[in-house]
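Below is one structure, written out as structure tokens; the observations come after it.
Only the coordinates and a few stated rules stand behind these numbers; no lab work does. Just so it is clear, the structure is predicted and the values come from calculations on it, not from any experiment. Glycine also receives a Cβ, built like all others from the backbone with ideal geometry; neighbour counts cover every protein chain displayed.
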Amino acid sequence: MSHIELRDVCKSYRVGSNTVTALSNFSVEIEAGEFAVILGPSGSGKTTFLNILGGLEQASSGEVCVDGESISVLPEAKLTDYRRHKVGFVFQFFNLLPTLTTLENVMLTAEMGNSKGGDPKHYLERVGLGDRMDHYPGQLSGGQQQRVAVARALAKKPALVLADEPTGSLDIQTGIEVLDVMRTLNRETGQTFVLVTHNSVIAQMADRVVRVGNGTVHSIEKNAQPLEPRQLSW
């Protein structure tokens with residue numbers, strides 16, 4: 001599990017002769033083991049936040065601390081280690097390798113990420129795909145592919161799991177099933193989950209909800225009684 005703290009993080013990009021600000025004085029704290037939802041519309045900065053937290057981008061200024069360590073100042077080699085060993089990513093469009101089987105996709109990430117990673121077969125069984133290990137991504141439904149992506153992220157036993165709109169390309173029922181898997185694993189493993197979404201319904205299942213807009217944090221709320229994914233009213 002990982003404790004997260006961002007302090008006055010800013011991120012700007014140069015687009016031609018213009019400067020575009022994606023994040024401005026973005027500050028948030030997420031407790032270790034929480035299931036946190038970053039909620040905001042398209043263009044609000046939530047994916048930029050996720051990329052910075054995951055070590056895929058560097059902040060222009062401010063500080064990003066994970067478990068008391070500032071990743072903002074890590075050299076590239078250390079940042080690569082951080083991504084490889086500490087962070088698991090779940091993307092909206094799965095990003096599975098089409099020429100590898102379900103099991104091989106999970107094995108590849110587990111082997112690259114951590115010598116102490118878990119058994120890939122175990123994680124595929126946990127997401128309900130024990131009978132699909134020899135299938136290729138093209139032989140799976142969208143929901144099944146996203147379950148593979150969840151298993152892949154968890155198989156290296158990361159302390160922090162980051163999910164970018166993981167239900168965005170799924171129908172409602174399949175999305176609920178994927179969220180249910182993620183929430184169950186969060187509770188069982190104690191891993192910190194950070195999920196970004198534009199869907200306010202999903203926020204009802206979070207321990208912590210961070211509402212963002214125009215690159216800034218608008219509010220931070222803690223849910224005393226988060227709903228189960230299957231209780232969500234879509």
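Before moving on, here are some points about what is shown:
- In a simple Cβ point-charge model (Lys, Arg +1; Asp, Glu -1; nothing else charged), the stretch 1-117 has a dipole of about 340 debye relative to its Cα centre.
- For the options Gly128, Gly54, Gly143, a Gaussian network treatment of the chain with springs between C-alpha atoms closer than 10 Å singles out Gly128 as fluctuating the most.
- Close amide H contacts of Gly215 (hydrogens built in the peptide plane, cut-off under 5 Å, sequence separation of 5 or more or a different chain): Gly45.
- Ordering Ala153, Ala110, Thr19 by the projection of their Cα atoms onto the charge dipole of the chain, which places +1 on the Cβ of Lys and Arg and -1 on the Cβ of Asp and Glu, puts Thr19 at the extreme positive end.
- Rounded to the nearest 20 debye, the dipole magnitude of the chain is 180 debye, with +1 charges on Lys and Arg beta carbons, -1 on Asp and Glu beta carbons, and the Cα centre as origin.
- In this entry, the stretch 74-181 is assigned a mean projected area of 6.6 nm², taken as a quarter of its C-alpha convex hull surface.
- All Cα-Cα distances of the chain, cut into 5 Å bins from zero to the largest, leave 1, 7, 15, 19, 20, 16, 12, 7, 3, 0, 0 percent in each bin in turn.
- Pairs of lysines in the chain (C-alpha under 15 Å apart; 8 or more residues apart or interchain): 9
- Options Gly128, Thr101, Thr48, ranked by Cα towards positive dipole end of the stretch 1-153, top entry (Cβ charges): Thr101
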